[in-house]
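Remarks on the structure that follows.
All of the numbers you see were taken from the coordinates with simple rules; none came from a lab. Bear in mind the structure is a predicted one, so any value in this text is a computation, not a measurement. Here Cβ is always computed from backbone atoms with ideal geometry, including for glycine, and neighbour counts include all displayed protein chains.
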Amino acid sequence: MSKKYDTIILGGGIIGCSTAFYLSKKGQRVLVLEKGSLGQEASSAAAGMLGVQTELEEESPIYELARKSREMFPNLAEELKDMTGIDIGLSQKGTMRLAFSEEQRADYREIAVNQKLKGEESFWKDKEEIVGMEPCLTDSLFGGIWFPKEGHVSAPDLTQAFARAAAVNGVTFRESADVYQLIFHQNQVVGAATDTGDFYGSAVLVAAGAWSRRFLLGEEQALYPVKGEALSVKTEKAMLHTTIFTDDCYLVPKKGGEIIVGATSTPHTFDKRVTMEGIGGLIHKAKRLLPLLGRAEIDRIWAGTRPMTGDGLPIMGAHPDLSNLYFSTGHYRNGILLSPITGKVMADYIAEEATLITDLSAFKPERFQYQTEVSPL
Ligand code: FAD
Ligand code: GLY
């Protein structure tokens, strides 16, 4: 039998890499199996927004987790820079969520008040104030909410930084290792089989993003792909300081005048082709928000596959029937934001379940139906 690991992680996206990093801090021997190259799927397609207040409902069980995760970023950025030399591009210049109708104005004013009552920094701004802060924006707006604590990172850099830091701590990464099935001994999962060999571990964590359903996530609605198309442009002079978020599209200003424009949303497809309709629609919406963008040079266009679940919440925890099998997937639109806290709590869960302080009951896998046999791949 080959070397036995403490934990084998299936999938080298941001969730697999962050969990490998936090497990390695506990001294675990960890192996990450990635079918292609690290971060090649959703984790390199993401715009990298850390949008707790912008993207999540306060009532959602994920909100508190996301808030804790956002707070981890400043220290994490330093730690990863020290360990790997990689700058994850953390920017904390806030986000504006813009209103374009009377109805939105009323809704957003209420959100701002409610969030403030709960101790969040959230401020309603009239049109004049918004345009004063971001002079290149259109003035056909009704105002917006200003969330000064929101920010963004470079999603591909963060994924690579987690992976390299984990490697510094001794984690083994195997790329081009497509896991085609789990290895069982009675009702225990003992390893994973790839076309380049079998690997054995005391625990197996499925973190294969939108592809995780292959590994015993039976019901179709438990986990499904949602395609997102996006583009980036280069501008000579910085046109924005803050992230701009609307119901139609978002604009994320990166270093060196780059702006990411995102993103479409097409459920139930693994097709990553970039379409005229998808990109054309984003360009049209983005130019309405920021008219000067019409002169910007298109840099890249791409698509990625978000892992979505039937109830919109991630699946984090142990398989209800099979020992040693864990899931951490379904982070949908927020996997970059949630990556630090997810890695940390799943490492705690796998390594020392008894001391777990974060309540994961809303994310438990048993809310969906499972198969106990692997589907043919
Ligand atoms: P993935 O990154 O998809 O990683 C899964 C990995 O598993 C892949 O590398 C895959 O190759 C591997 N794998 C699959 N099957 C196997 C197998 N059989 N064997 C071995 N390896 C396997 N989130 C935010 O927080 N903020 C944002 O601003 C944001 N913007 C986004 C914009 C777009 C256009 C998209 C598409 C997503 C965005 N997201 C954002 C969401 C975020 O990208 C995802 O939630 C996150 O990347 C999911 O990470 P993951 O590791 O679960 O999945
Ligand atoms: N969170 C932004 C997106 O998924 O497009």
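Apply 1/(1 + (r/R0)^6) to the Cβ-Cβ distance of A106 and H185, taking R0 = 35 Å, and write down the FRET efficiency to the nearest 0.05.
0.05
Tally Lys/Arg at +1 and Asp/Glu at -1 over every other residue whose Cβ is under 13 Å from the Cβ of R367; what's the total?
With Lys, Arg at +1 and Asp, Glu at -1, the neighbours total -2.
At q = 0.10, 0.13, 0.18, 0.22 Å⁻¹, what log₁₀ I(q)/I(0) does a Debye calculation on the Cα points of the stretch 240-352 give, no solvent, two decimals?
For the requested q values the scattering log ratios are -0.44, -0.67, -1.01, -1.26.
7 Å from Cα along Cα→Cβ at both K118 and S37: what's the point-to-point distance in nm?
Spacing of the two 7 Å Cα→Cβ label points: 4.0 nm.
Mind scanning K3/K364; K93/K237; K127/K149; K254/K285; K255/K287; K26/K227 and naming the pairs with a C-alpha gap bigger than 25 Å?
Violating the 25 Å Cα-Cα cut-off are K3/K364; K26/K227.
Can you give the extra length, in nm with one decimal, that the chain gains between Y63 and C136 once fully stretched, where that is 0.36 nm per residue apart less the Cα-Cα distance?
On the way: separation 73, 0.36 × 73 = 26.28 nm, distance 3.16 nm.
Extra length from Y63 to C136 when fully extended: 23.1 nm.
Return the FRET efficiency for the residue pair D359, E79: r is the Cβ-Cβ distance, R0 is 22 Å, and the value is rounded to the nearest 0.05.
Here the calculated transfer efficiency is 0.30.
For the chain, give the share of DSSP beta bridges that are antiparallel, in percent and rounded to the nearest 5; count only bridges with both residues there.
Expressed as a percentage, antiparallel bridges in the chain total about 70.
Once whole DSSP H runs in the chain are found, which of them have Cα atoms spread over 18 Å or more along the helix axis and a mean Kyte-Doolittle score of at least -1.0?
Details: long enough: 61-84 (33 Å, -0.74); 102-117 (23 Å, -1.41); 155-168 (20 Å, 0.56); 276-289 (19 Å, 0.01); 335-352 (24 Å, 0.82).
Helices meeting the span and hydropathy rule in the chain are 61-84, 155-168, 276-289, 335-352.
So which GluC sites (Glu not before Pro) in the stretch 1-72 end up in coil per DSSP with only 12 or fewer other C-beta atoms within 10 Å? Show your work: numbers first, answer last.
On the way: sites: E34, E41, E55, E57, E58, E59, E64, E71; in loops: E34, E41, E57, E58, E59.
Listed in order of number, the matching sites are E57, E59.
Using a simple charge model, +1 on the beta-carbon of Lys and Arg, -1 on the beta-carbon of Asp and Glu, nothing else, what dipole does the chain show about its Cα centre, in debye to the nearest 20?
760
Just how far, in whole angstrom, is the stretch 24-89 from the stretch 202-268 if you go by their alpha carbon centroids?
13
Can you check what the net charge comes to around I259, using other residues whose Cβ is under 14 Å from the Cβ of I259 (Lys, Arg +1; Asp, Glu -1)?
+4
Provide K3, K26 in ascending order of the number of other Cβ atoms located within 10 Å of each residue's Cβ, fewest first.
Fewest to most other Cβ atoms nearby, the residues stand as K3, K26.
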